[in-house]
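Scroll down for the structure; my scribbles are underneath it.
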Amino acid sequence: MSEPEPTTYNDMYQSVKEISSGLRHLGLGKDGWSDEDGKERVGVYADTRQVFRLRSPVAIFSSRLYPQRSLNWQLISHSLARMGHPLTTAYTTLGPEGLQHSLDEPSVRMVFANAALLGTLLQVVDQCPSLVWVIYDGEDTADQKVVQQLNEKLAARERPGQIISLTEVRKMGKENMVDSATGFGVQPTRKDLYCIMYTSGSTGKPKGVMLTHDNIICSLAGTRTLLSPLFRDDDLFLAFLPLAHILELLVEMTFYFCGVPVAYGTVKTLTNESVRNCQGDLVSYKPTIIVGVPAIYELIRKGMVKKIHESPAIVQQVFNLAYVMKRNVPLMGGILDKAVFAKVKQATGGKLRLAMNGGAALSKATQEFLTTTLVTTLQGYGATETCGMCAILTPEFFQTGSVGVIVPSMEVKLQDYPEAGYLTSNKPAQGEVWLRGGSVTKGYYKRPDLNKESFTEDGWFKTGDIGQFAADGTLSLIDRIKNLVKLRSGEYLALEKLESVYGSCDISQNLCVYANSDADKPIAIVFPHEGNLRNHLKAANIGSADAQLEDLCKDAGVKDYIKKQLLSTAQKAGLKGPELIQDVILDSEAWTPDNNKTTATNKTNRTALIKMFDKEIKAAYAQD
């Protein structure tokens, strides 16, 4: 990978002016056509590329991997904001059906895409009659046959269109500059639509969440109020989640707003172990702050555990002793960090001081391990429907298992859910989390059924999450209504809670817990962490060291060993009775969005997995 290329924030603003002017000259917003919001909509169907950014006037550094395409997602989004045109998002992992839905439902007139994604776009363009223009980057790698076919289809439309590279758009903008934002017509108000953000579509067609400029402003005010006191002049944030995810979009906006330098990376190039002949993003950029989802933090922790298990016995003993001492004698933390944990910290660049988790709950075991050995690991809570906002765990309220304090832009209340015994009269108070405030969406696009189901007449959004308040006012999430399963015994199981606990076992890379109303106990579908599994089996003298992972997953002895390790993890976490798994199903194929075993945001795709392993699930319960 090449070295980053510097660009100042002023240069970025100049690029935004060029692109927005070029889009206007191309015809966007000029011919009087508009949707119900008054402005044509533009879809963004592109990956977030690597880039390194420092605050103005120092520099923005472009990607080591994609030097010319790093900032393009953000450049397009800011250009549309300047023009007042709503954008729509689509995950790049969506198949043709999901992409078609996210382009056709909102009547997208223009779409920005990477060259590598034009083939998928070609598959759906005939089902997107409103589409007129395709803007793409990476023209040096584009399949020209695909480009030609797209151009022919667009040119033949009632309103003739075309496919054009982003480079050409910028050139047009330079030659036809619109210097003032007023040159784009009526400017948007706070109540106007900023974007329609489509979900990953793991449980059906993607849902379009309508977010206004007011939603964005309120959310930024909330995050700035809580987080800006934590930032320092020497901070650097490393981003690697997709910008089609509300968590990443809001986080990046927050760091832009607060002037914190930002570096873009990718999940696949984060660590040294995931690249060849060069450093991973963490070591190369040496960030001080990262924000991720549980799958990322579990990956980091289990990678650390693997290295520890592969170390000499004396090293393992010293590490374990230091871990216990730091947990029980906090005053020893500074000494132990330098003497024992320094090498661990170097694997992430050596400067990391804050990590935040979002998207789903992080297990207490993983949060505790990372905070002790690597970096203070905080949690947050939000949803696409709340512009990523609800609560943030700040350091002064640090505790495992909590998502923190409510952000200033939100109201929250707990609503009784008597079916499972969650009542506000409990001690502590428990119930479904309802949210209201400036950050809450005005609804789902063209989904009156969901709007009626999810929102009250007085503005409360029903999250479907079960929460409880601690005495200090912080919020914890303990269940999710749609993942509550009533067993044959009449007891309720919280599947996400169980996955958080069992998933912290270092022998598991990915895990899904399943149960139904005819079951007494749950079962677990597991994709093992190969390195840790081999270390365990070698120490226990089980299986063949040279066996392929696929063969190990078919070995009854290996399966039994994994089940025992999962049960041991569960019992240490306090699980008991019906919460203890009855059986395990082993999977030797990695779980990725490409094979639909995880969502685009790296969450377990429960619905898809249950269908995939239906035969094995029935067989496991038949043994009962």
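A few notes on this one:
- Cα centroid separation, segment 139-199 to segment 571-624 (Å): 43
- Set LYS427/LYS452; LYS563/LYS597; LYS343/LYS576; LYS306/LYS351 screened for pairs whose C-alpha atoms are more than 29 Å apart: LYS427/LYS452; LYS343/LYS576
- CD proxy at 222 nm, helix term only [per DSSP H run n ≥ 4: -39500 (n - 2.57); per residue of the chain; nearest 500]: -10500 deg cm²/dmol
- The chain - charge dipole about Cα centre, Lys and Arg +1 at Cβ, Asp and Glu -1, debye rounded to 20: 1040
- Cut-off 15 Å (backbone N to label point 7 Å along Cα→Cβ of LYS191), residues of segment 434-471: 438, 442-443
- Net charge over other residues, Cβ less than 15 angstrom from the Cβ of LEU247 (K, R count +1; D, E count -1): -2
- Fully extended contour minus Cα-Cα distance, from LYS338 to ASP594, at 0.36 nm per residue: 88.1 nm
- 0 to 90° range, to nearest 10: angle between helix 213-227 axis and the chain longest Cα axis: 40
- Segment 90-105 and segment 327-367 have Cα centres lying 39 Å from one another.
- Angle between the chain longest axis and helix 556-572 axis [Cα atoms, degrees, rounded to 10]: 90
- Gyration tensor (alpha-carbon) shape descriptor, segment 64-206, a/c threshold 1.5: rounded
- The relative contact order of segment 246-481, computed from alpha carbon pairs under 8 Å that lie at least 6 residues apart in sequence, is 14 percent.
- Label point distance in nm, ALA547-ILE478, each placed 7 Å from Cα along Cα→Cβ: 4.2
- Which listed pairs, of LYS326/LYS603; LYS302/LYS521; LYS497/LYS611, have C-alpha distances above 25 Å, in listed order: LYS326/LYS603; LYS302/LYS521
- Spin-label model, THR141/CYS278: points 7 Å from Cα along the beta carbon direction are separated by 1.1 nm.
- Helix 364-373 axis versus longest C-alpha principal axis of the chain: approximately 80°, rounded to the nearest ten.
Read-outs: derived from the displayed coordinates by stated rules, not from any lab. Note that this is a predicted model, so its numbers are computed, not measured. Using ideal geometry, Cβ is built from the backbone for each residue, glycine included, and neighbour counts are taken over all protein chains shown.
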